[in-house]
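Below: one structure, written as structure tokens.
The values are calculated or read from the model by the stated rules, or taken from the named source; none is laboratory data. Here the structure is a predicted model, which means the values were calculated and not measured. Cβ placement follows ideal geometry from the backbone for every residue including glycine, while neighbour counts extend to all protein chains displayed.
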Amino acid sequence: MRRADRLRALREAVRVTRPGGRVVAAAISRFAGALDFAATGRLDARTLAEARTLLTDGTNDPRIGFTHAYFHRAEEVADECAEAGLTGVVVHDVEGPAWTAADAAAGGPTQDAVFAAAVDLAQVYSSEPALVGSSAHLLAAGRVPQR
């Protein structure tokens, strides 16, 4: 939850990785919950209020039915990785920007076509900074500097 704890974990990963090796860190996107609730028809006044709170502090309220966690903006996870000592950090989306469309189409007559399109877009836009945060999950990858 706390930035200091996240940095400590990343610094430990940097410490135990050989010089030139790659470290990958996973994070939950700041926008994951609200986008999921909207795509699945579960957005209500309570979850919309939580979405507003997440915009300001990134702290998820576990009372809405999900874990106690910190939800990152893409630039935050990149900054934390760089501060921990990684170089060449790139943040990738996991599901891609059309994951909510795939969720909404699940079980319907267009599910296969929408899912295929979502996968195609995920491959094209994997590290596009303007879209990365629209994915539910993020992967930040960087290298440990040569000593």
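Does any residue of region 38-59 turn out to be within 22 Å of Leu86 (Cβ to Cβ), of a type outside the set (Gly, Ala, Ser) and surrounded by 11 or more Cβ atoms within 10 Å (Cβ to Cβ)?
No, region 38-59 has no match at all.
Considering only residues that are part of a helix (DSSP H, G or I) and at pLDDT below 95, look in region 4-40 and name the one that is nearest to Asp93 (Cα to Cα).
Among residues in region 4-40 that are part of a helix (DSSP H, G or I) and at pLDDT below 95, the one nearest to Asp93 (Cα to Cα) is Ala32.
Going residue by residue through region 68-89, is there one that turns out to be in a loop (DSSP other than H, G, I, E, B), surrounded by fewer than 18 Cβ atoms within 10 Å (Cβ to Cβ) and within 17 Å of the chain's Cα centre (by Cα)?
Yes, there is a match, as at least one residue in region 68-89 is in a loop (DSSP other than H, G, I, E, B), surrounded by fewer than 18 Cβ atoms within 10 Å (Cβ to Cβ) and within 17 Å of the chain's Cα centre (by Cα).
Tell me which of these Leu43 doesn't satisfy, since it passes every other one: (1) in a loop (DSSP other than H, G, I, E, B); (2) under 16 Å from Leu139 (Cβ atoms); (3) of a type in the set (A, V, I, L, M, F, W, C).
Just one mismatch for Leu43, condition (2).
From the set of residues in region 95-127 that are surrounded by fewer than 17 Cβ atoms within 10 Å (Cβ to Cβ) and in a loop (DSSP other than H, G, I, E, B), which is farthest from the chain's Cα centre (by Cα)?
Out of the qualifying residues, it is Pro109.
With (1) surrounded by 13 or more Cβ atoms within 10 Å (Cβ to Cβ); (2) part of a helix (DSSP H, G or I) as the list, and Ala130 as the residue in question, which single condition is left unmet?
The one condition Ala130 does not meet is (1).
State which residue pairs qualify: first residue loosely packed, with under 12 Cβ neighbours inside 10 Å and inside region 1-27, second residue among the polar types (S, T, N, Q) in any location, beta carbons under 6 Å apart, and separation of 6 or more residues or different chains.
Here the result reads Pro19/Gln146; Gly20/Gln146, each pair linking region 1-27 to a residue that is among the polar types (S, T, N, Q).
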